[in-house]
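Below is one structure; the comments refer to it alone.
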Amino acid sequence: MDPALLNRMNRSLRVEIIPLGRVDEVAGAVVAANIQEFLGFPTTLASPQPVPEEAHLPGRNQYDAGWILKQLRRGLDPRALRLGVTTRDLALPILTYVFGEALVGGRAAVVSVFRLGTEPGQPRKDLGRLYERLAKVALHETAHALGVPHCRRSGCLMRFSYGLDHLDTLEIAFCPACREEIARRTGALTGINYAGTPEPTDSNPSPVPGRQRPS
Ligand SMILES: [Zn+2]
Ligand SMILES: [Zn+2]
C-alpha cells in the first residue's frame, strides 16, 4: 500500500466525536488521539450533546444503543463517521449491556465508559486502564462503522470481546487483513481506491487494466 496515497485517502474522511452527556475531556482526547494514530483519520471533537432521553430503557437505568445510533446518523456528512462517547450504561433490548455498538457500514458508532472501570473488589480507579479500554472499544466500533466485520485472529482488535478480561488481552492493533479491509472500506467511501486508481464513474471510465494493483 502506497503510504502517501493511504494518507491522502484517510485525510478525506473525518471522524466526528460527540460527547453525549458529561464526558471528561481526557476521554474525548484519548479517543481522538487513538483514532488519528491507529486509523489515520482526522477527528473533530464536538461540544457535548444531551443523552437523548427517548433512548432510556424503562426499568433498566440503561440507554438503547440502537436508538442513539439512529440519532447520530442524522445529518451526517457522506465523508464523515460519527462516534458518540457517553458515561451512560448502554444496552440493546436483547443484550444486558454493551461496551459499544455500531451500525456496521452505517458510519455511526457509540461507546460507553460505564463498564470499563475496574471490577468490584479491585482498587477503585485505574484511569490508565480505563482509557486504554476506551481506546480499544472506540477503535473496534469505529472500524465497524466503516464496515469492517469481526475477525478471528488472536490479538486483533476486531475480535469479538467477551468482557473486560478478554478486552485487556488485546493489543491496540489491527491484524494485516483488517488493516487491508479498513483501507478498502475507506477507499469505497472516499472514492479513492487504495490500489491508487480512482473508482470508476460514468465520467471517469474504468482504469487501464494493466495499471491496476495485482490482487
Ligand atoms: Zn464488534
Ligand atoms: Zn483482524
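All of the numbers you see were taken from the coordinates with simple rules; none came from a lab. Only a predicted model underlies this, so the values are computations on that prediction, with no experimental measurement involved. Glycine gets a Cβ as well: all are built from the backbone with ideal geometry, and neighbour counts include every protein chain shown.
Between helix 25-38 and the chain there is an angle of about 30 degrees, using the helix long axis and the longest principal axis of the Cα atoms. Among all stretches of the chain without exposed chymotrypsin sites (Phe, Trp or Tyr not before Pro) (DSSP loop, at most 12 other Cβ atoms within 10 Å), which one is longest? Counting only loop sites that pass the neighbour cut-off, the longest clear stretch is 1-159.
Seen against the Cα atoms of the chain and their longest principal axis, helix 127-146 is set at about 40 degrees.
Taking 0.36 nm per residue of separation and subtracting the Cα-Cα distance, what length does fully extending ALA4 through THR169 add? Using 0.36 nm per residue and subtracting the Cα-Cα distance, I get 56.2 nm. Helix 176-190 versus the longest principal axis of the chain: what angle, 0 to 90°, nearest 10, using Cα atoms? It is inclined by approximately 70 degrees.
Stretched out straight at 0.36 nm per residue, the stretch from ARG74 to SER47 would grow longer than its current Cα-Cα span by 8.1 nm. Here the ratio of the Cα radius of gyration of segment 3-196 to 2.2 N^0.38 Å is 0.98. Inter-label distance, GLU37 to ARG153: 2.0 nm, where each label sits 7 Å from its Cα along the C-beta direction.
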